[in-house]
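Chemist: Supplied in structure tokens, the structure appears directly below.
Since every read-out is calculated from the coordinates, none of them should be taken as a lab result. Predicted model only: the values in this text are computed from it and were never measured. Positions of Cβ are backbone-derived with ideal geometry, glycine not excepted, and every protein chain shown enters the neighbour counts.
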């Protein structure tokens with residue numbers, strides 16, 4: 001296990017391939033923006049909801065609280081959001097999220113049912129400036145778009161589900177419901193996501209990523225501080 005300023009980078013979770021190699025490593029860095037002194041990261045409670053018609057929903061255990069059941073859920077000092085269902089590799093808190101393709105073509109088996117996945121989710125802002133900080137949002141203010149990737153391992157394979165804004169893919173949209181600064185955010189997608197099969201580097205061969213397909217993956221996530 002390797003740590004990059006408090007955030008895990010594990011080959012078994014495909015984070016090097018889904019995050020670092022894709023240009024998203026600074027999501028985990030916790031650096032300040034434009035040289036400003038970084039603010040402390042903000043712990044949040046994350047609720048994916050229990051609507052099983054959605055593409056993402058809870059595992060049956062209710063909301064996910066930072067620091068409980070080995071969950072990490074924070075808005076970093078650089079203004080981005082990180083969510084990890086198992087922050088420490090030494091223990092398994094038992095939490096997962098449901099990733100449900102609802103039988104869409106070419107989805108990995110079981111295509112008709114949910115994948116209860118141990119995930120790492122990281123976001124990357126579109127604007128490199130303090131005003132794009134999720135912590136600085138206020139009710140009634142503009143929404144924030146985030147490129148987002150969810151990485152997980154299943155049956156010996158590594159997957160990356162991406163709202164990158166590439167092609168017809170959407171983004172994660174963060175909307176502030178309450179507070180100035182915000183105390184409650186609603187997160188929804190602007191469009192579909194693409195799924196990739198990740199192959200880590202091995203025996204001198206570089207890491208590769210193979211597109212599997214594009215999927216409609218509706219969701220509504222609530223963050224509260």
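Chemist: For the range 80-131 and the range 184-225, what is the separation of their C-alpha centers, rounded to whole Å?
Modeler: Here the answer is 8 Å between Cα centres.
Chemist: Take every Cα-Cα pair in the range 124-225 and report what % of them are more than 20 Å apart.
Modeler: The proportion of pairs with Cα distances above 20 Å equals 48 percent.
Chemist: Exposure proxy check: 46, 178 ranked by fewest other beta carbons within 10 Å?
Modeler: 178, 46
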